[in-house]
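To keep things clear, I will list the structure first and then write my remarks on it.
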Amino acid sequence: MTESAAHPYAALTPDAVLDALAGVGLAGDGRLMALGSYENRVYQVGLDDGSRVVAKFYRPGRWSAAQILEEHAFAAELADAEVPMVAPLVLDGGTLHRHGGFMFSVSPWRGGRPPELDDFEVLEWLGRFLARLHAVGAARPFAERPAFSVQAWGQAPRDWLLAHDAIAPEVRTEWRELCDQALALIAAGAHPSSATGRFGLENATLIRLHGDCHPGNVLWTPVEEPDGGPHFVDLDDARMGPAVQDLWMLLSGDRRQRTQQLSALLDGYEQVRGFDRRELALIEPLRTLRLIHYSAWLARRWSDPTFPIHFPWFGGSDYWRGQVGMLREQIEALQEEPLVA
């Protein structure tokens, strides 16, 4: 592979970033800091007037311009509805720009820290804001962006990993068998004894979602400050899916802890919007699909030099043995009763 094919960001130098911003009327003062993004390249940039912006350069070939603009339109809808979402700035009459073969956007800089998810008041607050986000998301569907599906998030990543010999040979057969078993359980729906009955992704109402609502994408500022509390960032993975997709990644710990956290989230959520409790049966299927998808994402991006640097533990025997162990745990979880809040 040539360098440009192996590493799409090879040409994205600091000068290229500053030139791109200058092209939309923003004069950088030379302060440039890379932020924690691997799929795209995201920089905090200081401007001559002393302010800061965040410039996001999209990975070439991942999303079409129409799909990115649909993300931007969703962010603008949320901001108009006073949902605390950091939306791209309109510069030169648009939000999506091009420079040196890259598409990019510029957003206001917002500080904050991850929310304290062991605080039930914080979880209730997050539940209310997620319900407001989903109320906007349910108003209309995405036309360009895809939906969560077992095929896209489970079967296709499994097939890619096997076809490209990405799995350590000593556990390849075991991983494939466990992966197939997990996907079969997901296709079969909820545990047969569940009070909700069979409920799979195909039964859920799909709405526009944040899509990747983990704690790192929710920034919290002190409540005594103007606009204090949570605000959401990074709609890069926005797509159609069940509402519970934006809730389950905020849960952690053992079953008792996750149940308490979920109860607090839903206490806030249902103050604003109804929630279909049958979707709780999708938490472990969605977690399992993310597990499979994540391995394929790392393997597909391995030619990007930033991935071996930040994920040095990926790809070896220990990693894949760990994945086998996690698939076993997920198979057990898929056969347990869903969480009840």
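Every number here is computed from the coordinates shown, using simple stated rules; none is lab data. Remember, predicted model here, so these are calculated numbers, not experimental data. FYI the Cβ positions are ideal-geometry reconstructions off the backbone, even for glycines, and counts take in every protein chain you see.
By how many nm would the segment from Q335 to A139 lengthen if fully extended, with 0.36 nm per residue of separation less the alpha-carbon distance?
Values: separation 196, 0.36 × 196 = 70.56 nm, distance 3.42 nm.
Separation in residues times 0.36 nm, less the Cα-Cα distance, equals 67.1 nm.
What's the exposure ranking of Y294, Y319, Y269, going from fewest to most Cβ atoms within 10 Å?
Y294, Y319, Y269
For W109 and E177, calculate 0.36 nm times their separation in residues minus their Cα-Cα distance, and state this gained length in nm to one decimal.
Working: separation 68, 0.36 × 68 = 24.48 nm, distance 4.60 nm.
Separation in residues times 0.36 nm, less the Cα-Cα distance, equals 19.9 nm.
So if I take the centroid of the Cα atoms in the range 9-27 and the same for the range 140-189, what is the distance between those two points in Å?
Between the Cα centre of the range 9-27 and that of the range 140-189, the gap is 38 Å.
What residues of the range 312-341 lie in the reach of a label at W302, counting those whose backbone N is under 14 Å from a point 7 Å from the Cα along Cα→Cβ?
Counting only backbone N, you get 312-321.
Under a plain spin-label model, where a point goes 7 Å from the Cα along Cα-to-Cβ, how far apart in nm are D165 and A66?
Between D165 and A66, the label points sit 3.9 nm apart.
Taking 0.36 nm per intervening residue step and subtracting the Cα-Cα distance, what contour gain separates Q257 from L47 on full extension?
71.2 nm is the gain from fully extending Q257 to L47.
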